[in-house]
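A short worksheet on the structure shown next.
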Amino acid sequence: MDYREAAALLREQDAILILTHKRPDGDTIGCAVGLCAALRKLGKQAWVLPNRDATSLFTPYLEGYLAPEAVRPAFVVSVDIAGRSLFTPEGEVWLTRGIDLAFDHHPSYEGFAAACCVDPGRAACGELIYDVVRQLGPVTAEIAQPLYVAVSTDTGCFQYGNTTPSTHRVAAALMEAGIDYASLNKRHFRTKSFRRLRIESMIVEGMERYDGGKTAVAAVTLAMMAALGAHEEDVEDIAAFVGQTEGVETSVTIRELAEGECKLSVRTSGGLNATRVCALLGGGGHAAAAGCTVKGSVADAREAILNAIRTVQRDG
């Protein structure tokens, strides 16, 4: 269904619970809060399911919107969740019960919901949610602020290749709603902890380059995090860092999540399809930004992703 039909469906519901994905980013949190705020403006009961992975960078936006433990929703919505493996443990309970409506912008969306509003042409799910909430009523600053976070963070402050003219038009409309966008931009794009700077230094030291420098692979290990006393908020959007290296067209960031488990984030700008690469390892995403989780050591993960990249390069 399109965003108008999705908005009409939401108008018919009440007691709505909104789910975000594992290791939540600005897009899923911003979409959930913006949609929740818009539904409450309509007089509906709406909540965001607590997400234990949310870091201090995003938890302030959730204040006042989190569902109480005993909540009994009648309608369950997911935002920016492409696949079943991305549901949190708490969210999996509702996945088993059944997701009523899914909003997403990934071409790899798995079709797990009874109804879906999916548009891979959107740079961020926040763009899609903006169009939905416009159908529900005026977009106030309370609604616009989290949606601006959603759109701006998923486009790297409008620097990534997924940014479109429509992205800028949505951002402009959200800014016109009266939000303090300068403070939001400083918070999310111009502020780094000292630990983050140290991590970036260690990433550079351990980075390996291939294909004449066009492919770069770097790791953030548990040992690095422990040595610096770093936390999850210190590595938010760390996947974008490696690709800033001059000459790099394909960047891979390996996050060691636990012993024997690694998350891989692939970013491309030279024509390689990141979704096809990650799909070979059970993941998905966009053509220019995708990810997957693999079992094994950091060395195993590096070998697996390089083999996947070479396979896609060879097959064309």
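The values are calculated or read from the model by the stated rules, or taken from the named source; none is laboratory data. As the structure is a computational prediction, the values presented were derived from the model and not from experiment. Because the Cβ atoms are built from the backbone with ideal geometry, glycine has one as well, and the counts that use them run over all protein chains shown. Quick note on the areas: whole protein, heavy atoms, side chains included, nothing else; ligands and nucleic acids left out. Shrake-Rupley method; radii C 1.70, N 1.55, O 1.52, S 1.80 Å.
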Share, in percent, of DSSP beta bridges within the chain that are antiparallel, nearest 5:
50 percent
Which entries in LYS41/LYS186; LYS214/LYS263; LYS41/LYS263; LYS192/LYS263; LYS22/LYS192; LYS186/LYS295 show an alpha-carbon gap greater than 31 Å?
LYS41/LYS263; LYS186/LYS295
Relative contact order for the chain, counting Cα pairs under 8 Å that sit 6 or more residues apart, in percent
13 percent
About the Cα centre of the chain, what is the dipole size in debye to 20, counting +1 per Lys and Arg Cβ and -1 per Asp and Glu Cβ, all else neutral?
200 debye
Roughly what angle does helix 141-154 make with the longest principal axis of the chain, taking Cα atoms, 0 to 90 degrees, to the nearest 10?
20 degrees
Taking the 0 to 90 degree range and rounding to the nearest ten, how far is the long axis of helix 26-41 tilted relative to the main principal axis of the chain, both from C-alpha atoms?
0 degrees
Measure off, as a whole percent, the carbon and sulfur share of the 1.4 Å-probe accessible area of the chain, all protein chains present.
49 percent
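What dipole magnitude, in Debye to the nearest 20, does the stretch 185-281 give about its Cα centre under +1 on Lys/Arg Cβ and -1 on Asp/Glu Cβ?
Computed charge dipole of the stretch 185-281: roughly 380 debye.
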Quick one: angle between helix 165-175 and the longest Cα principal axis of the chain, in degrees between 0 and 90, rounded to 10, please.
60 degrees
Among HIS21, ALA172, GLY271, pick out the residue whose Cα is farthest towards the positive end of the charge dipole of the chain, where Lys and Arg carry +1 and Asp and Glu carry -1 on C-beta, about the Cα centre.
ALA172
Tell me what the chain gives for mean residue ellipticity at 222 nm when only DSSP H runs of n ≥ 4 count, each as -39,500 (n - 2.57), the sum divided by the residue total, rounded to 500 deg cm²/dmol.
-12500 deg cm²/dmol
DSSP beta bridges in the stretch 156-255, what fraction antiparallel, as a percent rounded to 5?
35 percent
Against the globular-protein guess of 2.2 N^0.38 Å, express the Cα radius of gyration of the chain as a ratio, rounded to two decimals.
0.98
The chain - Cys residues lacking any other Cys C-beta under 4.7 Å
CYS31, CYS36, CYS116, CYS117, CYS125, CYS157, CYS262
On the formula 1/(1 + (r/R0)^6), with r taken between the Cβ atoms of ALA223 and ASP180 and R0 of 41 Å, the FRET efficiency rounded to 0.05 is 0.60
Which of ALA67, ALA46, ALA182 ends up with the largest GNM mean-square fluctuation for the chain, with Cα atoms connected below 10 Å?
ALA182
For the stretch 33-136, report the accessible area per residue in Å² (1.4 Å probe, heavy atoms, rounded to an integer).
39 Å²
Average accessible surface area per residue within the stretch 175-316, 1.4 Å rolling probe, Å²
50 Å²
Could you give the distance between the Cα centres of the stretch 1-62 and the stretch 133-172, to the whole Å?
15 Å
DSSP-assigned coil residues among GluC sites (Glu not before Pro) in the stretch 34-131, each with at most 12 further Cβ atoms within 10 Å
GLU63, GLU69
At a threshold of 8 angstrom on Cα-Cα distance, excluding pairs fewer than six apart, so keeping six or more, what relative contact order does the stretch 1-151 reach in percent?
33 percent
Under a Cβ-only charge scheme (Lys and Arg +1, Asp and Glu -1), can you give me the dipole magnitude of the stretch 253-296 about the Cα centre, in debye to the nearest 20?
160 debye
What's the local net charge at THR167, with K and R +1, D and E -1, over the other residues with C-beta under 13 Å away?
-3
Rounded to whole Hz and in sequence order, give me ³J(HN,Hα) for the stretch 284-298 from the Karplus expression 6.51 cos²θ - 1.76 cosθ + 1.60, θ = phi - 60°, writing x for Gly and Pro.
x, x, 10, 4, 9, 7, 8, x, 7, 10, 10, 8, x, 6, 4
Ratio for the stretch 154-243, C-alpha Rg to 2.2 N^0.38 Å, reads 1.35
Report Rg(Cα)/(2.2 N^0.38 Å) for the stretch 1-144, keeping two decimals.
0.92
Of all DSSP beta bridges located in the stretch 1-126, what percent are antiparallel, nearest 5?
5 percent
Can you pull out the GluC sites (Glu not before Pro) in the stretch 210-316 whose DSSP state is coil and whose Cβ has at most 13 other Cβ atoms within 10 Å?
GLU246, GLU259
